[in-house]
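Have a look at the structure below before the remarks.
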Amino acid sequence: MVEKAQKMALLVGCNYPNTPYELRGCHNDVLAMHEVLVDRFGFDPVRVALLIDKPGGSIMPTGANIKKALEKMIGQAKPGDVLFFHFSGHGTLIKPHFSSKKEEAIVPSDFNLVTSADFRELVNHVPERATFTFLSDSCHSGGLIDKETEQIGPSSIHKEDKFGSLDVSGNSHKPKTIPVQSIIEHLTSLTNISTSDIATHLMELFGPDASLPFRTPPHEHDFMAKPLKPDEGILLSGCQANETSADVEITENGRMGYGAFSHAIQMVLKENLSPLSNRQIVLLARNTLRMQHFYKQHPCLYCNDENADAIFLSQADHQP
């Protein structure tokens, strides 16, 4: 008997309300995605979890809560299942004191960073022939799944993309990035520890819930102990690792807005009713942003060769 495959999703929007880092469009991004997943892609609303940092919310999108929700979704997955994670919020580049490379990271509501190493560790537990698609509308999001193959990235930039950075609509926008020094200052205000070592602050505040690179040196990570095989991780990033993604304000009072990349994805899906591959989605989103004069934000695609041309959020046959 053939067991029906499932579709599951986690949607996370962080606006950081009442902070100096407040954004306008992240809640709108994931609410719009919720509607598209259910209406177009056939997700059961019961299997779509939503975490937003709305004041008074029951479950906030903290680093620990995001990882727990992802672990739960991956733990329930079977071969052939489709898993989807959409994050809209701040991103940053951070360098652990014992590492020679910078880690791309998303910034949860409590600043307990979730890094590319954490996402690699999560993807390593996705069952064979299940897919994990990660759409990240955040700054420095290129490469957010560590060691994933670049399909569309810095090498794909066109010469004409290097000029200008204005939104043709005239709406104001801001980058979804928080400088490392600002993160350290924020964490210092919570720990009262005088050090520029971010790992010290994260371990003091979050202990075992801190990101993997701040808890163990890179050579001790489980995924470093054996060669990485082609996997089912698929990353659609709002920009390259060295770029920023835009949060756009669309009303005079600034109360409404959207992420430029999330909105571009919505436009691409609305204008193309036939199935699109992951590669097509990213290329069309790039073109959409270019037409809106976001010349310095280049969406990227990271995955194995087969998944680059697989249908976006497609469902494989599940053989028992």
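To keep it simple, each residue is scored yes or no on (1) polar (S, T, N, Q); (2) in contact with a strand residue (DSSP E or B) (Cβ under 9 Å, 6 or more places away or on another chain); (3) part of a helix (DSSP H, G or I).
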site: Tyr16; (1), (2), (3): no, no, no
site: Thr19; (1), (2), (3): yes, no, no
site: Leu23; (1), (2), (3): no, yes, no
site: Leu93; (1), (2), (3): no, yes, no
site: Lys101; (1), (2), (3): no, no, no
site: Arg129; (1), (2), (3): no, no, no
Looking at Ala105, Ala117, which is the one that is surrounded by 23 or more Cβ atoms within 10 Å (Cβ to Cβ), in contact with a Leu (Cβ under 7 Å, 6 or more places away or on another chain), of a type in the set (A, V, I, L, M) and at pLDDT below 95? Ala117
Would you say Ser262 is part of a helix (DSSP H, G or I) and either within 19 Å of the chain's Cα centre (by Cα) or of a type in the set (Gly, Ala, Ser) (or both)? yes
Could you tell me whether the range 198-213 includes any residue that is assigned to a strand (DSSP E or B) and either of a type in the set (Ser, Thr, Tyr) or modelled with pLDDT of 90 or more (or both)? no
Check the range 223-245 and report whether any residue there is at pLDDT 95 or above, among the hydrophobic types (A, V, I, L, M, F, W, C) and within 27 Å of Asn18 (Cα to Cα). yes
Selected residue (criterion: modelled with the highest pLDDT) from residues of the range 150-181 that are touching an Asp or Glu at 6+ places or on another chain (Cβ under 7 Å) and assigned to a loop (DSSP other than H, G, I, E, B): Lys176
Sort out which residues of the range 124-151 are among the hydrophobic types (A, V, I, L, M, F, W, C), surrounded by 24 or more Cβ atoms within 10 Å (Cβ to Cβ) and farther than 27 Å from Tyr21 by Cβ, and write them in order of number. Phe132
When residues of the range 27-86 are limited to those that are surrounded by fewer than 20 Cβ atoms within 10 Å (Cβ to Cβ) and in contact with a Lys or Arg (Cβ under 8 Å, 6 or more places away or on another chain), the one nearest to Pro127 (Cα to Cα): Pro79
When residues of the range 272-284 are limited to those that are free of Cβ contacts under 8 Å to residues at least 60 places away in the same chain and in contact with a helix residue (DSSP H, G or I) (Cβ under 8 Å, 6 or more places away or on another chain), the one surrounded by the fewest Cβ atoms within 10 Å (Cβ to Cβ): Asn272
Flag for Ser58 being on the phi < 0 side of the Ramachandran plot and part of a helix (DSSP H, G or I): no
Here is a list of conditions, (1) more than 17 Å from the chain's Cα centre (by Cα); (2) modelled with pLDDT under 95, and Gly25 meets all of them except one; can you say which number that is? (1)
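The values are calculated or read from the model by the stated rules, or taken from the named source; none is laboratory data. Model, not experiment: these values are computed from the prediction. In this analysis, Cβ positions are derived from the backbone assuming ideal geometry, glycine residues included, and neighbour counts consider all displayed protein chains.
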